[in-house]
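Here, each number is a calculation from the coordinates, and none is a lab measurement. Owing to the predicted nature of the structure, the values given are computational and were not obtained by experimental measurement. All Cβ positions, even for glycine, are placed from backbone atoms using ideal geometry, and neighbour counts span all protein chains on display.
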Amino acid sequence: MRIDVVSIFPEYLAPLELSLIGKARQDGLLDLTVHDLRSFTTDRHRTVDDTPYGGGAGMVMKAEPWAQALASVAAAQPADAGSKPVLIVPSPAGERFNQALAYELAEEDQLVFACGRYEGIDERVIEWAEEHFTVRPVSLGDYVLNGGEVAVLAMVEAIGRLLPGVVGNPESLVEESHSDGLLEYPVYTKPSVWRDREVPAILLSGNHGKIAQWRRHEQYRRTAERRPDLLETFDAGSLPRADRTALADLGYDVVDGRLKRRPDSGSAASA
Ligand code: JD8
C-alpha cells in the first residue's frame, strides 16, 4: 500500500517512523510519504491560510496550495491502478473512524490524507478533489482537535497494522477489541500473585477450551459494562448455549439473532 500525507506540520508525523509502522516502511510493506503543504505555495511567505469569507474567528486554509499538493500526489498513483486513490480528510464533521473502516481502507492501493489546520480547508477543495479521488471526510471521535495530524497518526497505525506481514502473528488481530464486535478480555502475566492479587485460576488450568470460554464471557461482561452500544449490533446468531447463558446473566436475551436487553436487568456491572 502507498500512503501520502499532506500537512503544514510534517514533523508531527515523525512517530510513523517508529515501531511496527516504521518497520513496515523499512521492509517495503508500506510506502509512506509525508509532504509539506508549504512546498506547494508560490508566494514569498509560503502562505497557506487567509481570513474566512462571511467573517468569524480564525483563518481558513487556501484552496490552491491544496489543489497543487493533491494533484501532485494523485499523479504519483501507478498508471495500472484500477480505481481512484482514496482521499481521507480528517474532520470533526466526518464519518466516525472505526475498526470496520480500518479494515475497508486497508484494502485500498493508495490512501491520501489531507491534514487541515486553523478553521479547516476551503470547502471547494473537497468539491474539486472528487474529480481525482474518492473523498472520505473522517472523524476520529466526538471531540475537537486542533488539526488532522493526530487523527492521521491513529488512522495510519490502525490501518497499517492490518496489512499482510506487518503484525508478526496475524492470529492476534482476530481476538482484538472490536475485531469481533466486542471489547477484548483482560490479560495477565507473571507473577501469578502480585501484591496479594491472584491471576484468575482458570488461566492457570491448562484447559484451553475453558480458558477460551472464560475469555469470551469476559468480553461479554466488559462490553455490557463499558460499551453496551456494541451489543446492539453484535451478531448473536450462532452462540453456544454457555454463551447465551452468560449473556442472560448480564441481562441480555438472544432474539432473532440479536441481543435484546431485559428491561428489568439493571446495570451490567451489578450482574
Ligand atoms: C481536522 C482543523 C480544528 C476544527 C475549529 C478547532 C478529526 N475527531 C476530530 N476532532 N477534531 C478533528 C479535526 C480538527 C481540525 C481539523 C480534524 C482541521 N481542525 C478546527 C473545527 C473547529 N477548529 C478531528 N479527525
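Mind checking which lysines have their Cα closer than 30 Å to the Cα of Lys23? Skip sequence neighbours fewer than 8 apart in that chain. The reachable lysines, counting only those whose Cα sits under 30 Å from Lys23, are Lys84, Lys190.
Give the shape of segment 134-271 as rounded, prolate or oblate, defined through the alpha-carbon gyration tensor: a ≥ b ≥ c are the square roots of its eigenvalues, a/c under 1.5 means rounded, and otherwise the shape is prolate if a/b is larger than b/c and oblate if not. It comes out oblate by the Cα gyration axes.
Exposed loop sites here mean chymotrypsin sites (Phe, Trp or Tyr not before Pro) with a DSSP loop assignment and at most 15 other beta-carbon atoms within 10 Å; the chain contains its longest site-free run at 54-142. Which of rounded, prolate or oblate describes segment 61-184 when judged by the alpha-carbon gyration tensor and an a/c cut-off of 1.5? The shape class here is oblate.
Rounded, prolate or oblate for segment 191-246? Axes are the square roots of the Cα gyration tensor eigenvalues, ordered a ≥ b ≥ c, and the cut-off for rounded is a/c under 1.5. Taking the square roots of the gyration eigenvalues as a ≥ b ≥ c, segment 191-246 is oblate.
Under the definition of Cα pairs under 8 Å and six or more residues apart, what whole-number percent is the relative contact order of segment 119-271? Don't jump to the answer; show the numbers that get you there.
Working: 110 pairs, mean separation 22.7, N = 153.
Relative CO of segment 119-271 lands at 15 percent.
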